[in-house]
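Engineer: Quick one: the structure is below, and I'll ask about it shortly.
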Amino acid sequence: MINVYMEGYKYTNDFYELIHVFYLNEDIEQIENVGEYDNGYLININLNNLGKGPTAICKVYFNKRLISEAKEQIDTIFINRPLEKTIRIGIKKVIYNALTSIVDKNLPWGILTGIRPTKIVHELIEKNTSESTILEILTKEYMINNDNAKLLMNIAYKQSKHLYPIDSNRYSLYIGIPFCPTRCLYCSFPTLPIGRYSNLVSKYIDTLIYEITEIKTLMKGKKINSVYIGGGTPTSISVEDLRKIINTVYDSFGKENIREFTIEAGRPDTINYELLNMLKEEQIERISINPQTMNDRTLKLIGRKHTSEDIINSYKMAKEVGISSVNMDLIVGLPGEGVADIKNSLETIGKLNPENLTIHTLSVKRGSKFIEHLDEYDIEGQSVIERMLYETKSFAQSMNLEPYYLYRQKNILGNFENIGYAKKDYECIYNISIMEEKESILAAGVGSTSKIYYPEENRLERIFNFRDLKEYLNRIDELIERKRKILI
């Protein structure tokens, strides 16, 4: 048990998440009175004035003995952000400094707990901050290691051509298909086995099409940017149902207005010539075929009903049909996998030579079957995960794939990251838009979230769709009214 006592400031989730990175398998509990502390660890965090302005102090005790201490004067922190955010950075710095002296753990992302670290760089770029100053802020104030700081900067500058100038009338569209052939071990999305819900698929498609056409009305006069159909596995529904959705998008928003249209064809067991020919006929030029691993024993363990050979064949079919841009996903840290396994996956994918490669570090998520049986699986430690990620970065460089977007997740193994790589001019516009949050994203379908962006205030308003299929089907007008109230 890790006890936390906070004085002079409210204890927030990002403080908890930072402490959790150091003590991943420990229970962390905030106590309201230091007298409640008996034995074990106590992290005492204090914000007060010591004559020179606000000062953050962190003291760590074990069995009532002081074992570590760190102090930070808030007015010496330079991050070019409001005072409230600066104070929180100062508190996180003292937590970080106090704990790194007693916990043998490498934190390549320093004090960062948010999932979109590139947003920090974009904010600084918008304030005309020099590259050297941005690098100093990232490494000195956020405690990010030098390689990751440079990576963030390179990605942010690469994204700029797709984000700027900011246009308040520009938006992208996300369409969610919740059905999958089977549910993967690590999945926490609201996915539904299509066999079990086959009697509701037709009604879902009709309801989804209705929501899309209502979004068209709500966004009249605005400019669509990109469209992304995700899931679930969109290609698990029938070819004609998927065509119907695509044509609804074209009829509603104009094929000529859409810069990029992506469809996740993530599972090879849903890919065939009929599907791919339809996508080509409908001028869909970007798809995802997501193996996650090219090792057959792991595919079986995580609940996939296909082989690595099926993945290879699916990719070759897509290229034969003429799909110009294919993304492939890999997950680092799957149960039982080590450096040799990720090397095998990379070497196999290298022979296919996709235009995009997305590397995810496994995140142990609530809502997944994985977290319920975590102790049954063999998961590598931080040092091995780091070596595996090094292999992916070296591979991407050798294949002329450059990083273009990055995000992090809660409970991600080793406190690492997810990176999207692309060949020159093959960056996914939607991926950049959804991560950097510089334009509105209108979302249709079960479990999806619309994000309405107000650039003048640099603010987002979120509108959540129901995660339960029957609620979505029965209360669709209520969801559309939620959107209407914010948009009109």
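Engineer: For the stretch 31-52: of the residues being open to solvent by 70 Å² or more (accessible area, probe 1.4 Å) and closer than 14 Å to Tyr11 by Cα, which is farthest from the chain's Cα centre (by Cα)?
Structural biologist: It comes out as Asn33.
Conditions (1) at pLDDT below 95; (2) touching a His at 6+ places or on another chain (Cβ under 6 Å); (3) open to solvent by less than 10 Å² (accessible area, probe 1.4 Å), marked per residue:
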{"position": "Ile287", "(1), (2), (3)": "no, no, yes"}
{"position": "Thr298", "(1), (2), (3)": "yes, no, yes"}
{"position": "Lys305", "(1), (2), (3)": "yes, no, no"}
{"position": "Gly322", "(1), (2), (3)": "no, no, no"}
{"position": "Lys343", "(1), (2), (3)": "no, no, no"}
{"position": "Leu346", "(1), (2), (3)": "no, no, yes"}
{"position": "Gly350", "(1), (2), (3)": "no, no, no"}
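Engineer: Okay, moving on. Which of the residues spanning the stretch 57-98 are polar (S, T, N, Q) and within 12 Å of Leu47 (Cα to Cα)?
Structural biologist: Matches in the stretch 57-98: Gln73 only.
Engineer: Determine whether Arg267 is farther than 24 Å from Asp468 by Cα, among the basic types (Lys, Arg) and open to solvent by less than 20 Å² (accessible area, probe 1.4 Å).
Structural biologist: Spelling it out, it is not the case that Arg267 is farther than 24 Å from Asp468 by Cα, among the basic types (Lys, Arg) and open to solvent by less than 20 Å² (accessible area, probe 1.4 Å).
Engineer: Then there is this: Let me spell it out: the conditions are (1) over 22 Å from the mean Cα position of the chain (by Cα); (2) more than 30 Å from Glu309 (Cβ to Cβ); (3) in contact (Cβ under 8 Å) with a residue 24 or more places away in the chain; (4) open to solvent by 10 Å² or more (accessible area, probe 1.4 Å), and Arg243 meets all of them except one. Which number is the exception?
Structural biologist: So the condition that Arg243 fails would be (2).
Engineer: Do we find a residue being polar (S, T, N, Q) and either out of contact with any helix residue (DSSP H, G or I) (no Cβ under 8 Å at 6 or more places or on another chain) or surrounded by 20 or more Cβ atoms within 10 Å (Cβ to Cβ) (or both) anywhere in the stretch 275-284?
Structural biologist: Within the stretch 275-284 (the criterion being polar (S, T, N, Q) and either out of contact with any helix residue (DSSP H, G or I) (no Cβ under 8 Å at 6 or more places or on another chain) or surrounded by 20 or more Cβ atoms within 10 Å (Cβ to Cβ) (or both)), the answer is no, since none of the residues qualifies.
Engineer: For the stretch 446-488, name all the residues that are among the basic types (Lys, Arg), open to solvent by less than 80 Å² (accessible area, probe 1.4 Å) and within 18 Å of the chain's Cα centre (by Cα).
Structural biologist: Lys451
Engineer: Also, I was wondering about something else. Would you call Thr248 β-branched (Val, Ile, Thr), buried (at least 18 other Cβ atoms within 10 Å of the Cβ) and in contact with a Phe, Trp or Tyr (Cβ under 9 Å, 6 or more places away or on another chain)? Even if it seems obvious, please write down each step before you answer.
Structural biologist: Working: β-branched (Val, Ile, Thr): yes; buried (at least 18 other Cβ atoms within 10 Å of the Cβ): yes; in contact with a Phe, Trp or Tyr (Cβ under 9 Å, 6 or more places away or on another chain): no.
In short, no.
Engineer: To continue, here is another question. In this structure, does Tyr16 turn out to be open to solvent by 30 Å² or more (accessible area, probe 1.4 Å), under 26 Å from the mean Cα position of the chain (by Cα) and either farther than 24 Å from Gln382 by Cβ or not charged (D, E, K, R) (or both)?
Structural biologist: Yes.
Engineer: Here's something else I'd like to know. If you scan the stretch 225-239, which residues turn out to be closer than 21 Å to Leu469 by Cβ and of a type outside the set (S, T, N, Q)? Give the derivation first.
Structural biologist: Let us first name the residues in the stretch 225-239 that are closer than 21 Å to Leu469 by Cβ, namely 228-238.
Hits for the stretch 225-239 are Tyr228, Ile229, Gly230, Gly231, Gly232, Pro234, Ile237.
Engineer: Conditions: (1) part of a helix (DSSP H, G or I); (2) touching a residue at least 24 places away in the same chain (Cβ under 8 Å). His306 meets all but one. Number of the miss?
Structural biologist: Tallying (1) part of a helix (DSSP H, G or I); (2) touching a residue at least 24 places away in the same chain (Cβ under 8 Å), His306 fails exactly one: (1).
Engineer: Do you know which residues across the stretch 35-78 are at positive phi and out of contact with any helix residue (DSSP H, G or I) (no Cβ under 7 Å at 6 or more places or on another chain)?
Structural biologist: Hits for the stretch 35-78 are Gly40, Gly51, Asn63, Lys64.
Engineer: Going through the stretch 324-338 one residue at a time, which ones are modelled with pLDDT under 95 and among the β-branched types (Val, Ile, Thr)?
Structural biologist: Selection gives Ile331, Val332.
Engineer: Right, next: On the basis of being at pLDDT 95 or above, within 25 Å of Gly447 (Cβ to Cβ), among the aliphatic types (A, V, I, L, M) and surrounded by 21 or more Cβ atoms within 10 Å (Cβ to Cβ), does Ile177 make the cut?
Structural biologist: Yes.
Engineer: Here's another thing I want to ask about it. Within the stretch 422-436, which residues are open to solvent by less than 10 Å² (accessible area, probe 1.4 Å) and out of contact with any Gly (no Cβ under 8 Å at 6 or more places or on another chain)?
Structural biologist: The answer is Ala422, Ile432, Ser433, Glu436.
Engineer: Can you tell me which of (1) part of a helix (DSSP H, G or I); (2) over 22 Å from Gln409 (Cα atoms); (3) open to solvent by 10 Å² or more (accessible area, probe 1.4 Å); (4) in contact (Cβ under 8 Å) with a residue 40 or more places away in the chain is the one Glu211 doesn't meet?
Structural biologist: (3)
Engineer: Taking the stretch 352-371, which residues are over 22 Å from the mean Cα position of the chain (by Cα) and either part of a helix (DSSP H, G or I) or modelled with pLDDT under 80 (or both)?
Structural biologist: The answer is Leu352, and nothing else.
Engineer: Out of the residues in the stretch 404-419 that are open to solvent by less than 20 Å² (accessible area, probe 1.4 Å) and aromatic (Phe, Trp, Tyr), state the one that is modelled with the lowest pLDDT.
Structural biologist: The qualifying residue modelled with the lowest pLDDT is Phe416.
The values are calculated or read from the model by the stated rules, or taken from the named source; none is laboratory data. Please read these numbers as outputs of a predicted model, since none were measured by experiment. When we count neighbours, we look across all protein chains shown, and the Cβ atoms used for this are built from the backbone with ideal geometry, even at glycine. Note: accessible area is taken over every heavy atom of the protein model, side chains too, but ligands, DNA and RNA are not part of it. Shrake-Rupley method; radii C 1.70, N 1.55, O 1.52, S 1.80 Å.
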